[in-house]
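Report on one structure; see the data block that follows.
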Amino acid sequence: MATRILHSVASSASASRRCLVLRRWWVRGISGIRESAAAASAAAEEPVTPPVQVDHTQLLIDGQFVDAASGKTFPTFDPRTGDAIAYVAEGDGQDVDRAVSAARRAFDEGPWPKMTAYERSRIILRFADLLEKHNDEVAALETWNNGKPYEQAANVEVPMVTRIFRYYAGWADKIHGLTVPSDGPYHVQTLHEPIGVAGQIIPWNFPLLIYSWKVGPALACGNTVVLKTAEQTPLSALFVSRLFHEAGLPPGVLNIISGYGPTAGAALCSHMGVDKLAFTGSSSTGKIVMGLAAQSNLKPVTLELGGKSPFIVCKDANIDEAVETAHSALFFNQGQCCCAGSRTFVHESIYDEFVEKAKARALKRIVGDPFKRGVEQGPQIDSTQFEKILKYIKSGIDSGATLESGGQRIGSIGYYIQPTVFSNVQDNMLIAKDEIFGPVQTILKFKDLEEVIERANATSFGLAAGVFTQNLDTANTLMRALRVGTVWINCYDVFDAAIPFGGYKMSGQGRVRGIYSLSNYLQIKAAVTSLKNPAWL
């Protein structure tokens with residue numbers, strides 16, 4: 001997900017079609033800002049006024065924006081200041097009932113699963129065109145509600161969302177079963193059928209990206225969807241779902257519920273009318289989701305959960321490249337990334353040099369208002385996450401790790417934290433075991449491959465890993481030995497629509513993206529027909 005990995009997505013042709021009004025604002029807004037080599041300079045300045053309005057704060061049910069049945073609303077905040085952006089409808093069990101009923105009607109009686117796969121594909125493609133047209137507006141909304149750098153959202157993430165939907169549009173009319181030979185006079189075929197109503201819950205760190213990973217395959221397979229947004233970031237999903245209906249999506253096919261996990265989320269997981277669940281979030285919440293699914297109708301569950309991913313720098317690695325990639329692997333998206341390379345293992349022969357260069361890179365990281373040009377790191381998502389990260393930093397200091405840089409908040413307004421680097425980290429320290437989900441790099445020392453493999457795998461997580469080496473044998477050894485769902489070799493955060501993503505152990509089950517994700521939203525039926533005097537078998 002790092003900016004360098006999606007240069008082909010953010011092509012000049014794509015950029016030329018973006019909203020001109022927002023582009024003019026962007027040029028004007030940043031023309032007087034000078035890129036600084038010092039981190040933390042911009043956070044204390046007056047926040048930039050976002051170039052976008054909040055038009056949708058209601059629930060989206062059966063193709064209409066409606067208030068919550070209770071009439072309740074809740075605030076969604078700007079992490080740059082802690083101030084409320086808007087008040088959003090607070091959905092609960094009643095609203096989930098309404099949304100599931102609409103999705104069930106759309107599946108059982110509506111045109112979506114009955115229209116040709118080609119026509120479904122055309123609607124998804126029209127939606128992708130609208131996303132591209134509104135790229136800058138969507139990116140501004142994502143930055144405002146989440147705090148991620150605008151350049152990251154506009155040049156990487158929203159174009160990738162567009163690419164994901166085009167990818168799944170291409171799959172819609174290529175999903176088919178098989179003709180199977182049998183041992184008797186029978187014609188046997190398999191049918192790949194949509195599973196029905198899919199309940200989906202997305203997190204706050206990449207709201208639209210994970211929206212696309214879930215909604216894209218579900219709709220391509222002919223299902224209907226009830227999606228619950230994270231309470232911290234409800235705005236962008238509401239906006240783009242309106243574009244989906246503008247593209248011709250029938251009412252009830254895609255329903256959006258904003259609300260809290262213990263109410264709206266639990267109701268969706270427990271609902272007897274939901275045929276499938278997909279959840280992205282913490283491992284602890286993933287267990288609750290599985291339990292509720294099992295206690296209701298044993299609906300199948302896909303989980304993409306947390307991680308504590310090792311980033312292994314071998315003694316023959318290009319140190320400068322490894323330092324920069326390890327920096328990005330950890331600090332990207334304010335460190336709020338499930339697959340962040342949050343345990344940096346460095347061979348003892350190059351450890352001291354690596355630490356010094358990692359410290360120097362962290363000190364140069366530009367932290368500030370995410371709407372400003374050149375800013376690499378915005379605020380953390382909210383006060384809860386902010387305080388949690390600061391507690392982990394204190395824990396690292398108290399446990400004897402060496403604080404090389406950072407460790408403090410920036411300014412007194414908003415949720416900005418200095419890029420933090422710890423050296424001399426030991427495996428038993430909390431900062432080396434727990435998922436911090438913040439801008440805290442921990443650097444550990446290792447002696448040989450056998451040791452680092454054992455230590456890298458000594459965790460309940462298994463989402464991803466990075467390996468830096470110039471030796472093919474070393475790369476192959478680590479690739480196969482690491483118990484994770486993705487291994488990046490001499491790179492990190494390389495995401496593509498066709499590359500599957502998911503974890504081992506408590507990092508989840510099932511895969512998102514690529515051909516493997518389609519099976520999450522399909523039922524396989526065997527149809528056997530007796531043959532009378534067949535010419536051949």
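Quick notes on this structure:
- Of all residues in region 271-292, exactly one satisfies the criterion of being more than 22 Å from W204 (Cβ to Cβ) and in a helix (DSSP H, G or I), namely G291.
- Residues satisfying the stated conditions in region 319-337, i.e. within 20 Å of the chain's Cα centre (by Cα), open to solvent by 10 Å² or more (accessible area, probe 1.4 Å) and either modelled with pLDDT under 95 or farther than 22 Å from R80 by Cα (or both): T325
- Neighbours by Cβ (under 9 Å, 6+ apart or cross-chain): first from region 280-301, of a type in the set (A, V, I, L, M); second in a helix (DSSP H, G or I) and exposed (fewer than 15 other Cβ atoms within 10 Å of the Cβ): V301/A294
So that you can scan it fast, the table gives a plain yes or no per residue for (1) assigned to a helix (DSSP H, G or I); (2) polar (S, T, N, Q); (3) open to solvent by less than 50 Å² (accessible area, probe 1.4 Å); (4) at negative phi:
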site	(1), (2), (3), (4)
L390	yes, no, yes, yes
G411	no, no, yes, no
G414	no, no, yes, no
E454	yes, no, no, yes
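- Taken together, the criteria place K299 among residues that are charged (D, E, K, R), more than 12 Å from Y492 (Cα to Cα), part of a loop (DSSP other than H, G, I, E, B) and in contact with a Leu (Cβ under 7 Å, 6 or more places away or on another chain).
- Among the conditions (1) in a loop (DSSP other than H, G, I, E, B); (2) free of Cβ contacts under 8 Å to residues at least 40 places away in the same chain, the only one that Y516 does not satisfy is (1).
- Considering the conditions (1) closer than 21 Å to G508 by Cβ; (2) out of contact with any strand residue (DSSP E or B) (no Cβ under 7 Å at 6 or more places or on another chain), L243 is excluded by exactly one of them, (1).
- When Y504, Y492, Y521 are checked against the criterion of being open to solvent by 60 Å² or more (accessible area, probe 1.4 Å), on the phi < 0 side of the Ramachandran plot, touching a residue at least 24 places away in the same chain (Cβ under 8 Å) and among the aromatic types (F, W, Y), Y504 stands alone in meeting it.
- Filtered by the rule that a residue be in a helix (DSSP H, G or I) and either farther than 22 Å from A475 by Cα or of a type in the set (A, V, I, L, M, F, W, C) (or both), region 416-452 gives L430, I431, A432, K433, L449, V452.
- Condition broken by G265, with the remaining ones in (1) open to solvent by 20 Å² or more (accessible area, probe 1.4 Å); (2) touching a helix residue (DSSP H, G or I) at 6+ places or on another chain (Cβ under 9 Å) satisfied: (1)
- Checking each residue in region 416-431 for being open to solvent by less than 10 Å² (accessible area, probe 1.4 Å), among the hydrophobic types (A, V, I, L, M, F, W, C) and more than 27 Å from P370 (Cα to Cα) picks out only V425.
- Residue among V484, V467 that alone is open to solvent by less than 10 Å² (accessible area, probe 1.4 Å), touching a strand residue (DSSP E or B) at 6+ places or on another chain (Cβ under 7 Å) and more than 30 Å from Q408 (Cβ to Cβ): V467
- Checking the stated criteria, G306 turns out not to satisfy the condition of being over 24 Å from G462 (Cβ atoms), part of a loop (DSSP other than H, G, I, E, B), touching a Ser or Thr at 6+ places or on another chain (Cβ under 8 Å) and not β-branched (V, I, T).
- When region 392-409 is limited to residues that are assigned to a loop (DSSP other than H, G, I, E, B) and polar (S, T, N, Q), the one that is nearest to P439 (Cα to Cα) turns out to be Q408.
- Qualifying residue in region 399-409 (condition: of a type in the set (V, I, T) and open to solvent by less than 10 Å² (accessible area, probe 1.4 Å)): no
- Where strands (runs of 3 or more DSSP E) sit wholly within region 167-229, those with at least 2 residues that are among the β-branched types (V, I, T) and within 23 Å of the chain's Cα centre (by Cα) occupy 197-201, 224-228.
- Yes/no for A139 being of a type in the set (G, A, S) and out of contact with any strand residue (DSSP E or B) (no Cβ under 8 Å at 6 or more places or on another chain): yes
- Of everything in region 163-201 that is β-branched (V, I, T) and open to solvent by 10 Å² or more (accessible area, probe 1.4 Å), the residue that is nearest to R126 (Cα to Cα) is I175.
- Qualifying residues in region 302-324 (those that are in contact (Cβ under 8 Å) with a residue 40 or more places away in the chain and of a type in the set (A, V, I, L, M, F, W, C)) - the one nearest to S101 (Cα to Cα): L303
- Those residues of region 320-375 which are part of a helix (DSSP H, G or I) and of a type in the set (F, W, Y), in sequence order: F331, F332, Y351, F354
- Failed item, numbered, when E151 is tested on (1) part of a loop (DSSP other than H, G, I, E, B); (2) under 26 Å from C339 (Cβ atoms); (3) open to solvent by 40 Å² or more (accessible area, probe 1.4 Å): (1)
- Taken over region 98-136, the criterion of being closer than 12 Å to V240 by Cβ and open to solvent by 40 Å² or more (accessible area, probe 1.4 Å) is satisfied by K133 alone.
The values are calculated or read from the model by the stated rules, or taken from the named source; none is laboratory data. Being a predicted model, the structure only gives us computed values, none of them experimental. In this analysis, Cβ positions are derived from the backbone assuming ideal geometry, glycine residues included, and neighbour counts consider all displayed protein chains. Accessible surface areas use protein heavy atoms only, side chains included; no ligands, DNA or RNA. Shrake-Rupley method; radii C 1.70, N 1.55, O 1.52, S 1.80 Å.
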